[in-house]
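Okay, structure first, notes after.
The values are calculated or read from the model by the stated rules, or taken from the named source; none is laboratory data. Predicted model only: the values in this text are computed from it and were never measured. As a convention, Cβ positions derive from the backbone with ideal geometry for all residues, glycine included, and neighbour counts pool all protein chains shown.
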Amino acid sequence: MGNHSPCERLPIIGALFETVDAQGADFSNVPISDVLFADNSDFTNANFSNTTLFGVLFENSDFSGADFSNVAFVDFHIDNSNLSNANLTGSDFNSIPAENIVNVDLTGATCPDGLPSAANSCQR
């Protein structure tokens, strides 16, 4: 017998979340790779904290109020999605080219440096 929870958190690999209502879902500490979040999916107030998003695409979805604190974004793309009021504190965006971030609402978001977004951007 180990110290494992009966609901141990397993990685999410190669999935499609399409037209999903996952408001408040908890993805914290779950590595996510090669996943598409698309077509008006609702992840309002979802928790993605302390995870790695590798090869992930956010497209036409709502992540307003979501917690992305301490997330590593690797080979990440986001297009036409809402991250207003999201928490990005401590997240790593260094490997994301500007062309991979298209039409994103960051109004009221907390940027990786802990400061509020300015002019819908976290670039300083």
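Filtering the stretch 50-63 to residues that are within 10 Å of the chain's Cα centre (by Cα) and either in a loop (DSSP other than H, G, I, E, B) or over 26 Å from residue 19 (Cβ atoms) (or both) leaves 51, 56, 63.
Among the β-branched types (Val, Ile, Thr), over 23 Å from residue 123 (Cβ atoms), touching a residue at least 12 places away in the same chain (Cβ under 8 Å) and not in a strand (DSSP E or B) - does that describe any residue in the stretch 68-77? Looking for residues that are among the β-branched types (Val, Ile, Thr), over 23 Å from residue 123 (Cβ atoms), touching a residue at least 12 places away in the same chain (Cβ under 8 Å) and not in a strand (DSSP E or B), one finds none in the stretch 68-77, hence no. Every test in (1) more than 23 Å from residue 123 (Cβ to Cβ); (2) assigned to a loop (DSSP other than H, G, I, E, B) is passed by residue 90 save one, and that test is (1). Of everything in the stretch 109-124, what is at pLDDT 90 or above and not in a loop (DSSP other than H, G, I, E, B)? Give them in sequence order. Within the stretch 109-124, 110, 116 meet the criteria. Listed by first and then second residue, the pairs with beta-carbon distance under 8 Å, at least 6 apart or on different chains, first residue in the stretch 87-111 and within 18 Å of residue 51 (Cβ to Cβ) and surrounded by fewer than 20 Cβ atoms within 10 Å (Cβ to Cβ), second at pLDDT below 90 and among the charged types (D, E, K, R), form an empty list. Specify which of the listed residues (62, 26) is surrounded by fewer than 18 Cβ atoms within 10 Å (Cβ to Cβ) and either modelled with pLDDT of 95 or more or among the acidic types (Asp, Glu) (or both). The conditions single out 26.
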